[in-house]
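Laboratory data are not the source of any read-out in this text; all were calculated from the coordinates shown. Computed from a predicted model, the values in this text were never measured in an experiment. Reconstructed Cβ throughout: ideal geometry from the backbone, glycine too, with neighbour counts over all protein chains shown.
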Amino acid sequence: MHAWECWGRKDSQLQDDFDFIYELFPILKERAGQESETLSGGEQQMLAMARAMLRRPKLLMLDEPSLGLAPKVARQVYDALLKISQAGTTILLVEQNAKLALGIATFGYIMESGRIVLEGTPQELQANEDVQELYLGVGKETTSPKGWRLYKKRRTW
């Protein structure tokens, strides 16, 4: 894409933005001449994020960016999100993959049925036993005091 073809942007920083995007997503540089509908799902997700970043947003809102992606591709997307955040763009992220999301977050909220039930820094949330059991897969099932069936500990929220 040429500078004069980018949604009317003609500023001198456009090439820098392309360089940043191609650093985040090298596969997009390789696929620059390819029709977008022929890209894989992960590549399409990367392209959507790249297009958004070319608008130089102050806030980037994403809903389930890892949904349907292979673990390796999801990791690439999250590595890019971390770099985008470090470059100064605020990110509002809705994600069920708590492990990935907490890996890049500076603050988080746990919602259930549209209600915020817990909030805190990633470290605080990761240390919470309920978060570990329900969202991070760290918890353990134990037998009941009577010893005849498994049960899960009741949540504290």
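Derived scalar couplings between HN and Hα for the range 103-110 equal x, 10, 6, 9, 7, x, 10, 9 Hz in order, rounded to whole Hz, by the Karplus curve 6.51 cos²θ - 1.76 cosθ + 1.60 (θ = phi - 60°), x for Gly and Pro. Taking other Cβ atoms within 10 Å as a rough exposure proxy, Tyr22, Tyr109, Tyr78 sort from fewest to most as Tyr109, Tyr22, Tyr78. With a Cα cut-off of under 20 Å and a minimum spacing of 8 residues unless on different chains, the lysine pairs in the range 1-96 number 5. Relative contact order of the chain, taken over Cα pairs closer than 8 Å and 6 or more residues apart, is 13 percent. Seen against the Cα atoms of the chain and their longest principal axis, helix 41-53 is set at about 70 degrees. Shape annotation for the chain: C-alpha extents along the principal axes are 72, 29, 24 Å, from largest to smallest. If you run the Gaussian network model on the chain, springs between alpha carbon atoms under 10 Å, then out of Met53, Met111, Met61 the most flexible one is Met111. Near Met111, within a Cβ-to-Cβ distance under 14 Å, what is the net charge of the other residues, with Lys and Arg +1 and Asp and Glu -1? Result for the neighbourhood of Met111: -4. Selection among Leu14, Ser85, Gln44 by position relative to the dipole of the range 1-132 gives Leu14 as farthest towards the positive end (Cβ unit charges, Cα centre).
One decimal place: the segment Lys99-Ser85 gains 3.3 nm when fully extended, by the rule 0.36 nm per residue minus the C-alpha distance.
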